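The values are calculated or read from the model by the stated rules, or taken from the named source; none is laboratory data. From a predicted model like this one, the values you see are computed outputs, not experimental measurements. Cβ atoms come from the backbone with ideal geometry, glycine included; neighbour counts cover every protein chain shown.
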Amino acid sequence: MPASPHPLVPMLAFVVSAFLAPVAEAGCDLSSAPPCRGCGCKGGPGWRHIATGSCVGFRDIDQKCGRPPSSALCVFENAPGTGANRDCALAPATPPAAPGR
């Protein structure tokens, strides 16, 4: 029989969703998002590449941090908003509309 989740899991999920809602509503355009600190605060995966000191995006995480991400290559910062922009960030690029259409 699987163990029951910790009693604080539902409360934690609610608190995290409160932080994620503003980021998720903004979609891919996060230019109007309030300033934040830490990798993932604007919806990214939340990992910082140790060698470069820069945040890692969803498209580069496997290459730079490994799969699953390794603490030997990257540090997980888990800023509020982490992961909220995943679907948008990984969506195929749409070409710009042709002029006159």
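Restricted to segment 39-56, and to residues there that are part of a loop (DSSP other than H, G, I, E, B) and touching an Asp or Glu at 6+ places or on another chain (Cβ under 7 Å), the residue that is nearest to residue 84 (Cα to Cα) is 40. If only one of 17, 31 is modelled with pLDDT of 50 or more and of a type in the set (S, T, N, Q), which one is it? Answer to the selection: 31.
Summed over segment 61-101, residues that are more than 11 Å from the chain's Cα centre (by Cα), in a loop (DSSP other than H, G, I, E, B) and on the phi < 0 side of the Ramachandran plot total 17.
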